[in-house]
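Okay, so here's the structure we're looking at.
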Amino acid sequence: MSTIGLIDYGMGNLHSVQRAFERLGCRIQAVHTGAEMEGCTALVLPGVGAFDPAMQRLEESGLAEALRHWCDAGGALLGICLGLQLLFEGSDEGTRQGLGLITGHVAALPKQAGHPVPHMGWEPLQPRSPSPLLPPDGQPAWMYFVHSYAAVPSDPACTTAAVTFGEHSITAAVWQGRIGACQFHPEKSSLSGEAMLRRWLAWVNQLG
C-alpha cells in the first residue's frame, strides 16, 4: 500500500484531501517537517489562501527546502489549488519567491464583463500534453474550480490541461517530470476528481 505524505503547513483543507485519498485505500501520513517525508511513496501539497503567507509558513518550517530536495531527487509530488501556484517562481498575489520547481509565474485572472473573479464552479478540462492526470481516452473531465489566479508556465508543454475563463484559456493542470499539479479541487470534484486521483496513484505505484 502506498504511503502518501500530506504536507501540513496550516493552509489547506487537509481533512477533505485526506478523506479523498483514504477512500482510495491509501495510507496517509501528515508531514510537518522534512524528516517526516521519510518513508513516503509520494507527497501531496494542498493549499487554500494567499501565496505569501503560504510561502512564509513553508520557509519557516523548513518544508520549502525539503520539498525542493525531494523533487531534485526525483520524488513524486502532486500540488492542489494553491499548491499548484506555490510550485512556480512567484505570483502577482505577493512578493515572496515561490518554490521555483517549475519555471514561470502566477498571474491574476483577467477582468472580463460577465465573468466575475474568483472563478468558481464546474468546468470541463481541455487536454493539452498527455499526463497521468488526464483520462487516457482524451474525454473532457469536469472539475470544480475556486481561484483568482492562474499559473503561466514558461514552457507551454508542461500545461497538461487548460480551462476556459471567458475569452481566455488558462492553466488548469501542469505536469513536469514527476511533478504534477491541478488548479481545481479533485477532492471536491465527485467521480471525475476521484478518477484523477486514482490515475495518479496508479502512476505512483508503478514507480517502484
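Annotations
- Amide H partners (placed H, <5 Å) of residue 142, local residues excluded: 125
- Between residue 38 and residue 129, the modelled labels are 3.4 nm apart [label points 7 Å from Cα along Cα→Cβ].
- About the Cα centre, charge dipole magnitude for the chain (Lys/Arg +1, Asp/Glu -1 at Cβ), debye: 460 debye
- For segment 135-208, the list of GluC sites (Glu not before Pro) that fall in a loop by DSSP and count at most 15 other C-beta atoms within 10 angstrom reads 167.
- Segment 108-139-segment 1-53 distance, computed between alpha-carbon centres (Å): 24 Å
- Taking Cα extents along the principal axes in Å as calculated from this structure, the corresponding entry among (i) 57, 40, 32; (ii) 49, 41, 24; (iii) 48, 40, 30 is (iii).
- Length gained on full extension, residue 112 to residue 97, computed as 0.36 nm times the residue gap minus the Cα-Cα distance: 2.6 nm.
- For segment 30-134, the Kirkwood estimate of hydrodynamic radius, built from reciprocal distances between every pair of different alpha carbons, is 15.3 Å.
- Cα gyration tensor category, rounded, prolate or oblate, for segment 73-185 with a/c compared to 1.5: oblate
- Value at 222 nm in deg cm²/dmol, rounded to 500, when DSSP H runs of n ≥ 4 in the chain each add -39,500 (n - 2.57): -7000 deg cm²/dmol
- Trypsin sites (Lys or Arg not before Pro) restricted to segment 1-76 and DSSP loop, no more than 12 other C-beta within 10 Å: 23
Values in this text are rule-based calculations from the coordinates and carry no lab data. Treat the numbers as computed from the prediction; the structure is a model and nothing was measured. For neighbour counting, all protein chains shown are included, and Cβ atoms are generated from backbone atoms with ideal geometry for every residue, glycine included.
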